[in-house]
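Contents: one structure, followed by commentary.
Only the coordinates and a few stated rules stand behind these numbers; no lab work does. Note that the structure is predicted; figures quoted are calculated from it, not measured. Glycine also receives a Cβ, built like all others from the backbone with ideal geometry; neighbour counts cover every protein chain displayed.
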Amino acid sequence: MAKMTFLLAGLLVVLLLLPAAFAAPVPATGLTSGVSSQRDLSNLNTTSVDAVAGNVTRLDINALSITQSWQGYYGNISGNMVLADAGNNSMYEWGNGTSVTGEVYASRNDTISWATINCSNTTVIAAEETYLGQTSGDADSVTNTFNGTAHPSFLVGGRNMTSCPSTNAFVNGGSQTTDYHQVLLADGSGKTVYTTLIDHGAIGYDGNQWDFELMVGENEHAGSEGPTIYYFFTELG
């Protein structure tokens with residue numbers, strides 16, 4: 001019995017020394033970039049109105065402009081959950097990408113402290129607006145874009161994210177509050193992480209089915225033109 005007790009105690013010590021296997025976002029294993037496009041404002045029809053001396057006329061104008069602060073990504077996710085060793089040898093794999101759940105993350109930093117990840121705060125948001133050449137009062141500022149907190153709670157490396165600054169990307173060209181939740185996170189050192197929850201097969205902004213839509217900040221104001229490098233991470237459920 002004493003020998004058995006000694007062996008069990010030794011095993012307990014070994015187990016305590018092993019690193020905890022907490023899931024955390026990992027770099028995307030592959031990225032395939034498609035064709036980028038932008039709304040063409042040069043082909044809009046010219047409009048006119050008659051001017052008559054002496055008249056004062058109300059004129060309501062509807063106009064368009066292209067944001068200089070945001071890049072949008074959309075697409076599909078494929079991947080597996082694996083039971084594998086350090087040599088990338090799989091003992092078992094689950095899934096074939098047909099029912100992927102989880103999150104997609106993008107950051108200008110290739111190293112994120114996932115152990116300190118949390119909802120973004122006003123200090124980080126202000127710094128992000130400065131980086132993007134914005135003020136909080138701009139129509140497309142970070143403050144006015146991520147102006148809600150209603151999103152499903154989710155885990156990032158074991159940390160629960162709830163009521164973070166958030167918004168929803170469009171579906172069928174219109175606003176909605178059900179799919180494509182955009183959530184603003186930051187790690188303990190203030191590195192911004194743009195996040196979207198995966199919605200497998202949901203109808204996207206253009207009427208087609210996409211697993212995710214993700215908006216990231218990108219400064220294209222005069223004198224600060226990009227491109228900007230973003231690193232992508234995923235955490236599949």
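Data for the structure
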read-out	value
Amide H contacts under 5 Å for Thr101, placed H, 5+ residues apart	Gly237
Neighbour-limited loop hits for chymotrypsin sites (Phe, Trp or Tyr not before Pro), the range 64-169 (at most 12 other Cβ within 10 Å; DSSP other than H, G, I, E, B)	none
Burial order of peptide ranges 227-233, 55-61, 120-126 (average beta-carbon count within 10 Å, highest first)	120-126, 227-233, 55-61
Under-5 Å amide H pairs with Arg108, H placed in peptide plane, nonlocal only	Tyr231
Residues Asp50, Asp179, sorted so that the one with the fewest Cβ neighbours within 10 Å comes first	Asp50, Asp179
Residue order, fewest to most surrounding Cβ atoms within 10 angstrom, among Glu225, Glu213	Glu225, Glu213
Fewest-first sequence of Thr178, Thr67, Thr116 by Cβ atoms within 10 Å of each Cβ	Thr178, Thr116, Thr67
From phi via Karplus (6.51, -1.76, 1.60), per-residue ³J(HN,Hα) for the range 178-193 in Hz, x at Gly/Pro	9, 10, 6, 5, 9, 10, 9, 10, 7, 8, x, 9, x, 7, 6, 10
Within the range 66-236: Cβ-based charge dipole about Cα centre, in debye rounded to nearest 20 (Lys, Arg +1; Asp, Glu -1)	340
The range 48-82 versus the range 165-193: alpha-carbon centroid distance in Å	20
Inter-probe distance in nm under a simple model that places probes 7 Å from Cα toward Cβ, at Tyr92 and Thr122	5.0
From phi via Karplus (6.51, -1.76, 1.60), per-residue ³J(HN,Hα) for the range 59-65 in Hz, x at Gly/Pro	9, 8, 10, 10, 9, 10, 8
Nonlocal amide H pairs with Gln176, under 5 Å, H built at 1.01 Å	Val171
Structure-derived Rg and Dmax of the Cα atoms in Å: which label, when the choices are (1) 23.6, 109; (2) 21.2, 71; (3) 17.6, 58	(1)
Under the Karplus curve 6.51 cos²θ - 1.76 cosθ + 1.60, θ = phi - 60°, whole-Hz ³J(HN,Hα) for the range 27-38, x wherever Gly or Pro sits	x, 4, 6, x, 10, 10, 8, x, 6, 8, 8, 9
